[in-house]
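One structure below.
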Amino acid sequence: MSRVLIIDPQILFATAIQYYLTHIITQVTVDIASSWPDINVETRYDLVIFSDEIINQEDLLLLSQIKSRFAQARLAPCFGVYQKADMMFCQTHQCAGYFTKTMSGRLFRQGISTLLSGQNFYPVMDVPVVIDSNERPLPELTGREHEVLRYLGRGLSNKDIAHRLGIQVVTVKLHIRGICRKMGVSNRTQAALQGKAWRLI
């Protein structure tokens, strides 16, 4: 029985992946944690997938801690979107694999199986799913739109965003509509992913 740990502050995403993996791959147990302190230190894992939201290229200390804590496990960061620089970062720092939240379920499943079999997983994704910031000017968002976009990137619901900002839910929806229009995307998920790709959040 293989044991997988997914560390992601967006619990809904982590829970969905947990459900998906336990139903399509036999002989695998999947645990989730929302942050570094939530991890059960007594458990041994074969594979640890962790969100780029808890590690970035400036935070090599945390990456070192993850490697130290899971010395026997294979590590694979999961980024919002495909960027070659992120993949090279993972390879440079000797991670076993690389995932994105925009890859297909089939490819994600293939990556899990590949890593659990002891091989590295670095899929070739030639065409990014987001717009390169060099191809068009960055959107001119208002201060409030930036705040809403930042919360979208954290996976908060419209109701939670409204509560945090002290505004009505309908106002949040209007801000999201404006953000999507300015960013050239069609929904809140695409806005969050594009915002991360453009380093707006």
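The values are calculated or read from the model by the stated rules, or taken from the named source; none is laboratory data. Remember, predicted model here, so these are calculated numbers, not experimental data. Glycine gets a Cβ as well: all are built from the backbone with ideal geometry, and neighbour counts include every protein chain shown.
Taking the criterion of being in contact with a Ser or Thr (Cβ under 7 Å, 6 or more places away or on another chain) and assigned by TED's automatic domain parsing to the domain that holds residue 31, would at least one residue in the stretch 88-107 satisfy it?
Checking the stretch 88-107: not a single residue is in contact with a Ser or Thr (Cβ under 7 Å, 6 or more places away or on another chain) and assigned by TED's automatic domain parsing to the domain that holds residue 31.
Checking each residue of the stretch 56-70 against the condition of being within 19 Å of residue 119 (Cα to Cα) and not assigned by TED's automatic domain parsing to the domain that holds residue 150 gives at least one match.
Just one residue in the set 68, 51, 104 is surrounded by 12 or more Cβ atoms within 10 Å (Cβ to Cβ) and of a type outside the set (Asp, Glu); that residue is 51.
So that you can scan it fast, the table gives a plain yes or no per residue for (1) over 23 Å from residue 201 (Cβ atoms); (2) at pLDDT below 90; (3) among the polar types (S, T, N, Q):
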position	(1), (2), (3)
94	yes, yes, yes
114	yes, no, yes
156	no, yes, no
181	no, yes, no
186	no, yes, yes
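Among residues of the stretch 172-201 that are closer than 22 Å to residue 85 by Cα, those with a Cβ under 7 angstrom from a residue that is charged (D, E, K, R), sequence gap 6+ or separate chain, pair up as 201/150. Among the numbered conditions (1) more than 25 Å from residue 201 (Cβ to Cβ); (2) free of Cβ contacts under 8 Å to residues at least 12 places away in the same chain, the only one that residue 27 does not meet is (2).
For the stretch 6-32, the set of residues classified as part of a loop (DSSP other than H, G, I, E, B) and under 16 Å from residue 110 (Cβ atoms) consists of 25, 26, listed by residue number. When the stretch 21-39 is limited to residues that are at pLDDT 90 or above and of a type outside the set (A, V, I, L, M), the one that is nearest to the chain's Cα centre (by Cα) turns out to be 31.
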